[in-house]
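Asks: This is the structure I want to talk about, given as structure tokens.
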Amino acid sequence: MTTQFSDLNLHPDLMQALEKAGYTEPTPIQAQMIPIMLTGVDVIGQAQTGTGKTAAFALPILQNLIPGQRKPQALILSPTRELAMQVAKAFETYGAYSDVRVLAIYGGSSYGRQISALKRGVDVVVGTPGRLLDLLKRKSLDLSAVTTLVLDEGDEMLSMGFIDDIETLLDATSLRRQIALFSATMPTAIRRLASKYLNEPQSIVIKDKQLTVAAIEQRYYVVNQRDKLAAITRIFETEDVSRALIFARTRAGTGELANALASRGFSADMINGDLSQDARERVMSRFKNDQVKVLVATDVAARGLDIDDISHVFNYDLPDDPEVFVHRIGRTGRAGKEGIAITLFTPKETSMLRRIEGYTRQKQTKANLPSKSEIQKKRKMQIVERMEVWLNRGRYKNELEMVNEMVEAGHDPLEIAAAAMRIVRESEKQRPIESIGEVREWNSRRDPSGSRNSRNNRDKGRGRKSVRENFSTKRSHEAGMVRLNLDKGRSDGLRPSDVVGAIAHHANIPGKVIGAIHIQDQQTMVDVPEQFVDQVLSKNGTYRLRKEVIAVERA
Ligand code: AMP
């Protein structure tokens with residue numbers, strides 16, 4: 001039988017607030033945690049954001065508050081300002097009909113307001129450890145009356161280096177207080193903290209939410225580290241991304257990636273621990289209001305970020321821990337919507353894939369990056385779609401006049417339209433599709449020159465010159481030869497005979513002069529004598545693999 005809020009013996013004021021909030025029944029963590037916390041024992045809750053853990057500790061705290069005391073009776077430690085504000089707001093929601101004063105305390109905002117609020121008297125303090133410690137040292141914060149202490153997102157506070165501050169704050173409270181420790185994961189340092197400070201704690205593990213990633217399409221690409229930006233750009237070009245969260249490993253990484261994406265025409269911003277409170281809030285509201293589509297974040301900065309409708313989560317850099325992976329991708333596919341989680345693995349990191357799949361008990365689909373021609377096709381389609389929107393709207397009186405004048409001057413309407421398209425597409429030159437190198441299966445014992453691999457892939461059967469060299473370089477190692485890059489490869493079904501056939505035929509050069517050919521998964525390298533290069537490049541657009549155009553450029 002499922003537990004109802006009415007089974008939990010909550011105060012009528014709290015029941016009324018829950019009704020107003022529209023909660024019909026407790027979530028699993030609430031059903032398990034509330035009765036235990038009400039008895040006053042220490043607890044450990046292994047649960048992540050989204051499970052309803054805030055109400056799980058806020059309701060028993062509110063129930064046990066003694067009104068009219070001036071000193072804080074409950075202290076909640078949060079890793080970030082966002083989470084502290086969110087939790088304080090939740091206390092206000094659940095305490096809407098109770099006489100409770102809640103204060104959020106965090107760095108980056110004025111001391112004066114926080115100190116005077118403390119002087120007036122508060123019941124519940126929610127704060128980040130650094131600022132709480134400051135106020136404790138200044139004797140503005142008195143923790144002597146705290147009866148319940150909550151460590152929210154313990155693992156995050158740990159990874160942000162708050163462990164010493166937390167211990168100091170714990171030491172400043174009476175030994176008789178109740179402690180509730182919440183953490184999505186349980187690293188050793190958290191277990192150590194628990195065994196040092198918690199008294200025979202009861203444990204509740206809510207795994208369900210973590211593992212319900214079934215609504216999320218999980219896809220991955222294997223790319224070399226240096227090609228990650230080019231890879232994500234290609235994905236953005238072809239994917240319908242309405243709101244994306246990208247996880248990068250470092251603070252510096254978030255800025256670099258957001259700038260690089262913005263310069264490629266995708267509206268991107270970043271959020272990391274270096275931002276001031278104001279800047280952080282500005283970024284968040286731009287993201288929420290759809291002014292920016294893409295937010296690049298570190299794991300820490302993304303905590304407390306409460307945004308639904310994220311269509312894509314990208315793991316640009318892998319997390320070290322599969323639990324963090326699940327936590328990240330759980331930000332999409334919320335509220336019954338479908339979500340897509342895309343991960344970029346370097347060849348070396350693919351071993352982590354098995355661990356993640358084992359942990360989520362779900363397989364990920366390997367995908368190939370969109371080829372240059374697919375992107376070109378998509379770009380064309382987008383222009384046609386935009387044209388169709390305007391054709392439907394029909395609001396182009398001035399432009400029609402211009403066209404009329406040109407027709408009167410003797411131009412063909414079809415050609416005018418084609419020339420207009422040409423102008424529209426001019427901006428594409430600013431967005432060249434970057435080449436992506438072939439990935440090699442990673443093998444720690446591999447010959448570092450990689451020569452074994454290129455030999456295996458070489459076109460053996462056609463008597464073409466066997467050049468023992470590394471095809472990842474962009475220059476031919478043969479004197480007088482220039483290396484060209486074709487945007488089709490093995491995955492397009494390209495064979496050496498297609499390369500020779502297309503180039504020799506269309507550029508009108510003898511097939512036998514074409515040098516080494518190296519067909520990779522999504523592209524091909526071919527060496528051509530220097531004197532024929534211009535001739536080959538001038539016929540660009542005429543080379544085809546069946547009906548698809550093969551684009552040729554200098555490697
Ligand atoms: P939390 O895990 O505490 O961040 O909560 C996640 C979301 O679930 C918040 O938006 C809460 O308002 C909501 N929530 C919490 N408990 C319930 C409940 N019993 N019924 C419906 N929604 C809830």
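Asks: Inspect segment 363-374 for any residue being surrounded by 14 or more Cβ atoms within 10 Å (Cβ to Cβ) and under 28 Å from P187 (Cβ atoms) and give the result as yes or no.
Replies: Yes, that holds for at least one residue.
Asks: Could you list, in sequence order, all residues of segment 135-153 that are open to solvent by 60 Å² or more (accessible area, probe 1.4 Å) and not in a loop (DSSP other than H, G, I, E, B)?
Replies: The one that is open to solvent by 60 Å² or more (accessible area, probe 1.4 Å) and not in a loop (DSSP other than H, G, I, E, B): K137.
Asks: Of these, L261, L275, which one is in a helix (DSSP H, G or I) and either out of contact with any Gly (no Cβ under 9 Å at 6 or more places or on another chain) or modelled with pLDDT under 85 (or both)? Give the steps one after another, and end with the answer.
Replies: Working: L275 fails: in a helix (DSSP H, G or I).
After applying the criteria, what remains is L261.
Asks: Shifting gears a bit: Could you run through segment 1-16 and say how many residues are assigned to a loop (DSSP other than H, G, I, E, B), open to solvent by 40 Å² or more (accessible area, probe 1.4 Å) and within 14 Å of the ligand (Cβ to nearest atom)?
Replies: We begin by selecting, within segment 1-16, every residue assigned to a loop (DSSP other than H, G, I, E, B); these are 1-4, 9-11.
Narrowing the set further to residues that are open to solvent by 40 Å² or more (accessible area, probe 1.4 Å) leaves 1-4, 9, 11.
Still in the running and within 14 Å of the ligand (Cβ to nearest atom): 2-4.
Of the residues in segment 1-16, 3 are assigned to a loop (DSSP other than H, G, I, E, B), open to solvent by 40 Å² or more (accessible area, probe 1.4 Å) and within 14 Å of the ligand (Cβ to nearest atom).
Asks: Here's another thing I want to ask about it. Determine which single condition T93 fails, assuming it passes every other condition in (1) touching a residue at least 12 places away in the same chain (Cβ under 8 Å); (2) surrounded by fewer than 19 Cβ atoms within 10 Å (Cβ to Cβ); (3) within 14 Å of the ligand (Cβ to nearest atom); (4) over 23 Å from R303 (Cα atoms).
Replies: It is condition (4) that T93 fails.
Asks: Hey, another quick one. Among the residues of segment 250-274, what is the count of those that are buried (at least 18 other Cβ atoms within 10 Å of the Cβ) and either of a type in the set (A, V, I, L, M, F, W, C) or within 17 Å of H312 (Cα to Cα) (or both)?
Replies: Total meeting the criteria: 9.
Asks: E19 is checked against (1) more than 9 Å from the ligand (Cβ to nearest atom); (2) open to solvent by 50 Å² or more (accessible area, probe 1.4 Å); (3) closer than 28 Å to P129 by Cβ and fails just one. What number does that condition carry?
Replies: (3)
Asks: Hey, does segment 226-249 have a residue that's touching a residue at least 60 places away in the same chain (Cβ under 8 Å), surrounded by fewer than 18 Cβ atoms within 10 Å (Cβ to Cβ) and within 23 Å of R81 (Cβ to Cβ)?
Replies: Looking for residues that are touching a residue at least 60 places away in the same chain (Cβ under 8 Å), surrounded by fewer than 18 Cβ atoms within 10 Å (Cβ to Cβ) and within 23 Å of R81 (Cβ to Cβ), one finds at least one in segment 226-249, hence yes.
Asks: Looking at segment 154-202 only, could you name the residues that are assigned to a loop (DSSP other than H, G, I, E, B), touching a residue at least 12 places away in the same chain (Cβ under 8 Å) and under 31 Å from the mean Cα position of the chain (by Cα)? Don't jump to the end; show me each part of the working.
Replies: Quick first cut of segment 154-202, residues assigned to a loop (DSSP other than H, G, I, E, B) only: 160-162, 172-177, 184-187, 198-201.
Narrowing the set further to residues that are touching a residue at least 12 places away in the same chain (Cβ under 8 Å) leaves 160, 162, 172-174, 176-177, 184-187, 198-201.
Selection gives M160, F162, A184, T185, M186, P187.
Asks: Only one of these conditions is not met by D321: (1) modelled with pLDDT of 85 or more; (2) open to solvent by 10 Å² or more (accessible area, probe 1.4 Å). Which number is it?
Replies: (1)
Asks: Answer yes or no: is there a residue in segment 209-221 that is closer than 19 Å to I342 by Cα and part of a helix (DSSP H, G or I). Before you say what the answer is, go through the steps one by one.
Replies: Residues of segment 209-221 closer than 19 Å to I342 by Cα: 210-221.
With part of a helix (DSSP H, G or I) added as a condition, the list becomes 210-211.
Checked segment 209-221: at least one residue is closer than 19 Å to I342 by Cα and part of a helix (DSSP H, G or I).
Asks: For segment 518-542, name all the residues that are closer than 25 Å to R234 by Cα and among the aliphatic types (A, V, I, L, M). Reasoning before the result, please.
Replies: Taking segment 518-542 as the starting set, the residues that turn out to be closer than 25 Å to R234 by Cα are 518-526, 537, 540-542.
Of everything in segment 518-542, those that are closer than 25 Å to R234 by Cα and among the aliphatic types (A, V, I, L, M) turn out to be I519, M525, V526, L537.
Asks: Sticking with this structure for a sec: Go through (1) basic (K, R); (2) open to solvent by 50 Å² or more (accessible area, probe 1.4 Å); (3) more than 12 Å from the ligand (Cβ to nearest atom) and name the single condition R81 misses.
Replies: All conditions pass for R81, except number (2).
Asks: Counting just the residues of segment 346-381 that are in a helix (DSSP H, G or I) and hydrophobic (A, V, I, L, M, F, W, C), which one comes out farthest from I550 (Cα to Cα)? Let's see the steps before the verdict.
Replies: Here is the first cut: in segment 346-381, the ones in a helix (DSSP H, G or I) are 347-360, 372-381.
After this cut, where a residue has to be hydrophobic (A, V, I, L, M, F, W, C) as well, the list is 352-353, 356, 375, 381.
Values: M352: 35, L353: 33, I356: 37, I375: 13, M381: 18 Å.
My answer is I356.
Asks: With part of a loop (DSSP other than H, G, I, E, B) and of a type outside the set (D, E) as the only criterion, which of P60, P67 stands out? First the steps, then the outcome.
Replies: Details: P60 fails: part of a loop (DSSP other than H, G, I, E, B).
Matching residue, one of P60, P67: P67.
Asks: For segment 22-48: of the residues being within 36 Å of the chain's Cα centre (by Cα) and among the polar types (S, T, N, Q), which is surrounded by the fewest Cβ atoms within 10 Å (Cβ to Cβ)?
Replies: Here the residue is T24.
Asks: Would you point out the residue of segment 49-66, among those that are touching a residue at least 40 places away in the same chain (Cβ under 8 Å) and more than 16 Å from the ligand (Cβ to nearest atom), that is surrounded by the fewest Cβ atoms within 10 Å (Cβ to Cβ)?
Replies: For segment 49-66, the residue satisfying everything is N64.
Asks: Report yes if some residue within segment 460-483 is modelled with pLDDT under 75 and aliphatic (A, V, I, L, M); otherwise report no.
Replies: Yes; the residues of segment 460-483 include at least one that is modelled with pLDDT under 75 and aliphatic (A, V, I, L, M).
Asks: Which residue pairs have Cβ atoms closer than 8 Å, lie 6 or more positions apart in sequence or on different chains, and pair a first residue in segment 22-38 that is in contact (Cβ under 8 Å) with a residue 60 or more places away in the chain and closer than 15 Å to A180 by Cα with a second residue that is in a helix (DSSP H, G or I) and near the ligand (Cβ under 7 Å from one of its atoms)?
Replies: Listed pairs, sorted by first residue: I29/K53; M33/K53.
Asks: Look at segment 23-41 and say how many of its residues are in a loop (DSSP other than H, G, I, E, B) and more than 7 Å from the ligand (Cβ to nearest atom).
Replies: Residues of segment 23-41 in a loop (DSSP other than H, G, I, E, B): 23-27, 39-41.
From the residues that got through so far, the ones that are more than 7 Å from the ligand (Cβ to nearest atom) too are 39-41.
Summing the residues that are in a loop (DSSP other than H, G, I, E, B) and more than 7 Å from the ligand (Cβ to nearest atom) in segment 23-41 gives 3.
Asks: For I44, all conditions in the list (1) over 24 Å from D306 (Cα atoms); (2) in contact with a helix residue (DSSP H, G or I) (Cβ under 7 Å, 6 or more places away or on another chain); (3) away from the ligand (no atom under 14 Å from the Cβ) hold save one; what is the number of the exception?
Replies: It fails just one condition, (1).
Asks: I would also like to ask the following. Regarding G121, is this residue within 14 Å of the ligand (Cβ to nearest atom), over 26 Å from A279 (Cα atoms) and small (G, A, S)?
Replies: Details: within 14 Å of the ligand (Cβ to nearest atom): no; over 26 Å from A279 (Cα atoms): yes; small (G, A, S): yes.
No.
Asks: Here are V300, V283, V326: which of them is assigned to a helix (DSSP H, G or I), buried (at least 23 other Cβ atoms within 10 Å of the Cβ) and of a type in the set (A, V, I, L, M, F, W, C)? Spell out how you get there, then give the answer.
Replies: Details: V300 fails: buried (at least 23 other Cβ atoms within 10 Å of the Cβ); V283 fails: buried (at least 23 other Cβ atoms within 10 Å of the Cβ).
V326 is the lone residue from the list that is assigned to a helix (DSSP H, G or I), buried (at least 23 other Cβ atoms within 10 Å of the Cβ) and of a type in the set (A, V, I, L, M, F, W, C).
Asks: Continuing with this model, one more query. For the list (1) over 21 Å from S371 (Cα atoms); (2) part of a helix (DSSP H, G or I); (3) of a type in the set (V, I, T), I need the number of the one condition that T233 fails.
Replies: Of (1) over 21 Å from S371 (Cα atoms); (2) part of a helix (DSSP H, G or I); (3) of a type in the set (V, I, T), only one is false for T233: (1).
Asks: Does I76 count as closer than 22 Å to L170 by Cα, modelled with pLDDT of 90 or more and more than 13 Å from the ligand (Cβ to nearest atom)? Even if it seems obvious, please write down each step before you answer.
Replies: Details: closer than 22 Å to L170 by Cα: yes; modelled with pLDDT of 90 or more: yes; more than 13 Å from the ligand (Cβ to nearest atom): no.
Considered against the rule, which asks whether it is closer than 22 Å to L170 by Cα, modelled with pLDDT of 90 or more and more than 13 Å from the ligand (Cβ to nearest atom), I76 comes out as no.
Asks: Residue check, D306 against (1) touching a residue at least 40 places away in the same chain (Cβ under 8 Å); (2) part of a strand (DSSP E or B); (3) open to solvent by 30 Å² or more (accessible area, probe 1.4 Å), all met but one. Which one?
Replies: Of everything listed in (1) touching a residue at least 40 places away in the same chain (Cβ under 8 Å); (2) part of a strand (DSSP E or B); (3) open to solvent by 30 Å² or more (accessible area, probe 1.4 Å), D306 misses just condition (2).
Asks: Within segment 515-534, can one find any residue that is over 28 Å from D227 (Cβ atoms), open to solvent by less than 10 Å² (accessible area, probe 1.4 Å) and at pLDDT 80 or above?
Replies: no
The values are calculated or read from the model by the stated rules, or taken from the named source; none is laboratory data. Predicted model only: the values in this text are computed from it and were never measured. Here the Cβ is made from the backbone with ideal geometry for all residues, glycine too, and neighbour counts use every protein chain on show. For the accessible areas, the whole protein counts, side chains as well, though only heavy atoms, and no ligand, DNA or RNA atoms are used. Shrake-Rupley method; radii C 1.70, N 1.55, O 1.52, S 1.80 Å.
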